[in-house]
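The values are calculated or read from the model by the stated rules, or taken from the named source; none is laboratory data. Note that the structure is predicted; figures quoted are calculated from it, not measured. Because the Cβ atoms are built from the backbone with ideal geometry, glycine has one as well, and the counts that use them run over all protein chains shown.
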Amino acid sequence: MNDQFSETNKPYQRKMADGNLYSAHIQEAMRQNKLPSADYGLVMTILHAVLQGYTREQWYEEQQKSLKLLASQPPDQKAQHADVANRYEQTVSRLKDLTLWPW
């Protein structure tokens, strides 16, 4: 009985470990003042997705409205990665630099 419980508990433990690791990356980026406040909400949706075990596609589907809004905006010319096509790509590139893009 105990072995069966530990086997069914492994996916949960993995999600929690992934979430804890991602949360540590967020805290580090915030401590170094590298996470723009404009990206904080998006990062929190990613943390939720990591904790749920979502794929990038599942996360994107859930966040479609806000991500379409980002994709429709031109990149911020004063920020890093100003050479990309839109604000969504710029944000993803910035999050990758901070190891906050889990996919």
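Filtering the range 51-103 to residues that are surrounded by fewer than 15 Cβ atoms within 10 Å (Cβ to Cβ), closer than 26 Å to LYS15 by Cβ and touching a Ser or Thr at 6+ places or on another chain (Cβ under 9 Å) leaves SER66, TRP103. Listed by first and then second residue, the pairs linking a residue in the range 85-103 that is within 21 Å of GLN52 (Cβ to Cβ) to a residue that is of a type in the set (Ser, Thr, Tyr) and in a helix (DSSP H, G or I), with Cβ atoms under 8 Å apart and 6 or more places separating them unless they lie on different chains, are LEU100/TYR22; PRO102/TYR22.
Going through the range 42-55 one residue at a time, which ones are out of contact with any helix residue (DSSP H, G or I) (no Cβ under 8 Å at 6 or more places or on another chain) and assigned to a helix (DSSP H, G or I)? Can you show your working first?
Initially, the range 42-55 is screened for residues out of contact with any helix residue (DSSP H, G or I) (no Cβ under 8 Å at 6 or more places or on another chain), giving 44, 48, 55.
MET44, HIS48 - these are the residues of the range 42-55 that are out of contact with any helix residue (DSSP H, G or I) (no Cβ under 8 Å at 6 or more places or on another chain) and assigned to a helix (DSSP H, G or I).
Checking the condition at pLDDT below 95, part of a helix (DSSP H, G or I) and not polar (S, T, N, Q), which residue from LYS65, LYS78 passes? Walk me through how you get there before you give the answer.
Working: LYS78 fails: part of a helix (DSSP H, G or I).
Result: LYS65 is the single residue among LYS65, LYS78 that is at pLDDT below 95, part of a helix (DSSP H, G or I) and not polar (S, T, N, Q).
Among the residues making up the range 1-39, a single one is at pLDDT below 95, of a type in the set (Phe, Trp, Tyr) and surrounded by 10 or more Cβ atoms within 10 Å (Cβ to Cβ): TYR12.
Condition first: charged (D, E, K, R) and either in a helix (DSSP H, G or I) or under 16 Å from GLY19 (Cα atoms) (or both). Now tell me which residues in the range 29-41 satisfy that.
From the range 29-41, those charged (D, E, K, R) are 31, 34, 39; that's our starting set.
Passing the criteria: ARG31, ASP39.
Selection over the range 31-50 of residues that are in contact with a Ser or Thr (Cβ under 9 Å, 6 or more places away or on another chain) and more than 19 Å from ASN86 (Cβ to Cβ) gives a count of 3.
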